[in-house]
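First the structure, in the form of structure tokens, and then the observations on it.
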Amino acid sequence: MSRVIVENVSFSYDGETDVVKNVSFTAAAGEWLAVTGHNGSGKSTLARCLNGLLLPRNGTVTTCGFITTDPETIMTLRRRAGMVFQQPDNQLVAPTVADDIAFGLENAGVPYDEMKERVEAAVKRLGLSGLEDREPHRLSGGQKQRVALAGITALKPDVIILDEASSMLDPAGRSDVRDVVRRLCREDGITVIMITHDLEEAAEADRMLVMREGQLTADAPPAELFKKPDLLKEAGLVLPLAVLMAERLRLEGFDPGSPTSEEELVRALCNYV
Amino acid sequence: MLEHVIIGQYVPGKSFVHSLDPRAKLIAVIIFMIFLFVSRDPLVLGTAAALTVAAFLSAGIPFRFFWKGIRVILLIVVFTFLLHLFMTRDGTVLVSLGWLTIYSGGVIEGSLIATRLFLLIVLATMLTLTTTPVDLTDGMERLMHPLNRFRVPVHELALTMSIALRFIPTLLTETEKILKAQTARGATFSSGSIWKRLNAFIPVLVPLFVQSFQRAEELAEAMEARGYSGGEGRTKFRQLAWRNRDTIVLFVFAGFGVWSVLSVV
Amino acid sequence: MQLRVENVSYAYMPGGPFEAKALQGTSVSFASGAFHACVGHTGSGKSTLLQLLNGLLRPQEGTVYVGDWTITPETKQKHIAGLRRKAGVVFQFPEAQLFDETVIDDVMYGPKNLGFKNDEARRLAEEALARTGISTELFTRSPFDLSGGQMRRAAIAGVLAMEPELLLLDEPTAGLDPAGRESMMELFRSWQQEQPERTIVMISHDMNAVARYADTVTVMEDGKAIAQKAPHELFTDAELLERHQLEMPDTVRLLYRLREASGVNMDISAFDEKETFSRILALLKGGVQDA
């Protein structure tokens, strides 16, 4: 069964103009989805519909088997579907790393002994050993996002939603977060829904969704979408360098295949040399 | 200058004082505060001084760091001393210069108040220097827990305080950054009339408010996403462990309190 | 504007248990009339260096020369007030400094502080806003009603309106999308090239932008400037980049990997798509080697 089911969802902040227009998609267990789009395309609003922070004006969202409009189950839903936000600073609540990781567990009423174990496990899993007593303001951006992820993984979630979680980070922090997310998805089978405008980041996903002016204009594996550069450009997205080069090479009569990454392009080109 | 003020700062360490339960330290300081002002007996004050010195020595705070930090606050002590010196009209006249008359009572009263104040400031500073703000908040929450019955929102108060503590450093960095940005845009904060100076801070305060509100909104959203729904049914990650040493320290301070009262009776 | 830093050290909260050394006896200079970039990891001292260059911080040891100004540990704040007029700073996320009721008033804040009359300040502000691409109908709006990208531009206009000769940029494109990043960099470059004495020092993690726009790149590490090179020298030196854990620009990395995998020697210093493409094409069409 799908972990996330979005059916004909529309959302509007002011009750007049819809920022999300009749969007439908599903995400299976262990799947990695990238929701891409230009700033203001409605992708972050859509993300907030997935865990009931926003409720759709029309249509339904069912996450981890719970419908987001049911106030009885919304807290359970949110524990099963964690969310990492864009601003690393504004989502850490507690004064130390360990306390912050425990915050969600405290909310869920997990008993102390189990809580301690789970916090320790999350610290290890996210490579935060030695930072347990560190205060959030003494962490780098990448570390803060990993703490946020640790707080979510401690709850043993089924789904993690990342809302532009690496857009404020430096390159080191960005690859840090991506490594962690990869492991959580590929090794632990957590469904990942990653909101991003960076197609290089999206290239690694199983499926890529393209949002444009509130509408879902594409839903396919990245390799397939990279063959339709016009669709991506229309959505205000910038093609990864490897994809762009491959596209131009095709125009020159070469066949570089349909690479989604630098490695794939290099491999394809080496056949020619 | 402000970066030298150490009241409210925490210095990491593993000393005896560091290792005490925050509840024990809080109660000890409260006992000290109350009973220090009960007795005028020099022996009692001497004991109080001895307790303070003992606390300082066993906390392992570098003396120079401590002295630098407490200097500014000593001005208050000196001011209090002078106030009592000049205002008290008891005992024999020691000095008389025109309108200024100093009585022996003034010297005694001034020294007494100044000593008490000094000891209290030192001991209270020791509390914050050796206890993380988190532990302090936690200790207070536990101590105030019985008030829950009187509908005092103890959990909410503690959470608010802990979030405030979490964001003070962020806010300070933010303030400094905006100050620098506006300085780079030609702002001056230290010249002109008071009105002008206050006005100069508007370009600093407005962005700070705007950002704090935005921060608060985002934080509330994040807390909601992390399943926060009030104090009910919540468990606690932070556990406090009361040990024998805490009981001993409390007995020592309680003993001081009793003696202080006995010396008056 | 000519810049020189000589044996400069700076520490935050010196002497206490929280002392943090930011610069440790570093020397570096930046030529007038060029676009300089400064790269290095978080905590390498880049931001401190930037703030020393306009007198926001004074060195604790050593000397900083900025144009005609000389700043030593003893220099009084009054003495360098005039430097502010010449050196503009765009901090990271500069939109955080917006405060006034309207966009135009906010941009006029700097010029007015410098003593320009209202009319003159307004003219400067309008010019700066036009340059940063803020349309006239937004001038009388509240800066807080602008979009994120527009707020960034308005804040930058607030610095440009002061007509600096030296522009100090701290991660000016952080958090922007690719299109926004590029137009912002174009804006800075065209500003710099307009007058012969205009100089830019920019801190950035975005190696793509550094490679394309900078004339020199200074590498900072542990509070010291350890190298200063032209982009084509620095970014083709794979070993040096590896040693200091610096990223290659995307274009260079693609060509570098291609060179390593194919074994064909080729020039990998291409910083834009067009050039990169022509290098790849040359390689495929029979390994034409241009040096």
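The values are calculated or read from the model by the stated rules, or taken from the named source; none is laboratory data. Quick caveat, the model's predicted, so the values are computed rather than measured. Using ideal geometry, Cβ is built from the backbone for each residue, glycine included, and neighbour counts are taken over all protein chains shown. Surface accessibility is based on the protein's heavy atoms, side chains included, excluding ligands, DNA and RNA. Shrake-Rupley method; radii C 1.70, N 1.55, O 1.52, S 1.80 Å.
Annotations for the structure displayed:
- Prolate/oblate/rounded call for segment A:72-129, Cα gyration tensor, a/c under 1.5 rounded: oblate
- Cα gyration tensor shape for chain B, rounded if a/c is under 1.5, else prolate or oblate: oblate
- Interface size, chains A and B: roughly 2900 Å² of accessible area buried, both sides included, 1.4 Å probe, rounded to the nearest 100.
- Once the Cβ-Cβ distance of C:T140 and B:K14 is raised to the sixth power relative to R0 = 51 Å, the FRET efficiency obtained is 0.25.
- Top positive-direction residue, dipole computed over segment C:97-147 with Cβ charges, set C:I134, C:V103, C:A121: C:A121
- Computed [θ] at 222 nm, deg cm²/dmol, chain C (DSSP H ≥ 4; -39,500 (n - 2.57); rounded to nearest 500): -11000 deg cm²/dmol
- Computed from the Cβ-Cβ distance with R0 of 60 Å, the FRET efficiency linking C:K117 to C:L240 stands at 0.70.
- Taking each of A:K21/A:K233; A:K21/A:K144; C:K86/C:K229; B:K180/C:K78 in turn, the alpha-carbon distance tops 22 angstrom for A:K21/A:K144; C:K86/C:K229.
- Label separation (A:I5 vs B:V258): 7.1 nm, computed from points 7 Å beyond Cα along the C-beta direction.
- Cα-based helix-to-principal-axis angle, C:250-262 vs chain C, degrees rounded to 10: 10
- From its DSSP helices (H runs of at least four residues, each -39,500 (n - 2.57)), chain B gives a residue-normalised ellipticity at 222 nm of -23500 deg cm²/dmol.
- Nearest-0.05 FRET efficiency for A:Y272 and A:N58, computed from C-beta distance (R0 56 Å): 0.60
- Among A:P222, A:P111, A:P136, the largest mean-square fluctuation in a Gaussian network model of chain A (Cα springs under 10 Å) belongs to A:P111.
- Within the listed set B:V95, B:V122, B:V53, the residue fluctuating most in the Gaussian network model of chain B (springs between alpha-carbon atoms under 10 angstrom) is B:V95.
- For chain B, hydrophobic long helices are taken as DSSP H runs at least 30 Å long by C-alpha position along their axis with mean Kyte-Doolittle hydropathy of -1.0 or more; these are B:63-87, B:104-130, B:154-184, B:202-225, B:244-264.
- In the protein assembly as shown, the portion of solvent-accessible area held by carbon and sulfur atoms comes to 55 percent [1.4 Å probe, whole percent, DNA, RNA and ligands not counted].
- For segment C:35-90 and segment A:104-139, distance of Cα centres in Å: 41
- The relative contact order of segment A:4-238 comes to 28 percent, based on Cα pairs under 8 Å that sit 6 or more residues apart.
- Centre-to-centre separation between the Cα atoms of segment C:210-286 and those of segment B:101-151: 62 Å.
- Given chain C, longest segment not containing exposed loop GluC sites (Glu not before Pro) (DSSP; at most 15 other Cβ within 10 Å): C:102-196
- On a per residue basis, the protein assembly as shown carries 45 Å² of accessible surface, using protein heavy atoms and a 1.4 Å probe.
- Taking chain C and dividing mean pair separation by its residue count, relative contact order in percent (alpha carbons under 8 Å, at least six apart): 21
- When chain B is treated as a Gaussian network with alpha carbon springs shorter than 10 Å, the biggest mean-square fluctuation among B:V78, B:V11, B:V210 belongs to B:V210.
- Note on C:E260 and B:L171: the model spin-label points, each 7 Å out from Cα along the C-beta direction, lie 4.9 nm apart.
- Subset of A:K116/B:K25; B:K196/C:K117; A:K43/A:K116 violating a 24 Å alpha-carbon distance limit: A:K116/B:K25; A:K43/A:K116
- Here, the protein assembly as shown yields an orientationally averaged convex hull projection of 42.7 nm² when only Cα atoms define the hull.
- The relative contact order of segment B:2-262 comes to 31 percent, based on Cα pairs under 8 Å that sit 6 or more residues apart.
- Loop-resident trypsin sites (Lys or Arg not before Pro) (DSSP state other than H, G, I, E or B) in segment A:1-60 with no more than 10 further Cβ atoms inside 10 Å of their Cβ are absent.
- Cα gyration tensor, segment C:201-285 - rounded (a/c under 1.5), prolate or oblate: prolate
- Within chain C, percent of DSSP bridges classed antiparallel, to nearest 5: 55
- Over chain A, DSSP H runs of length four or greater, each weighted -39,500 (n - 2.57), average out per residue to a 222 nm ellipticity of -11000 deg cm²/dmol.
- Bridge orientation summary for the protein assembly as shown: considering DSSP beta bridges with both residues in this region, about 55 percent are antiparallel.
- Contact-buried residues of segment C:154-184, at a threshold of 40 Å² lost accessible area versus the chain by itself: C:G175, C:D177, C:P178 (1.4 Å probe; DNA, RNA and ligands ignored).
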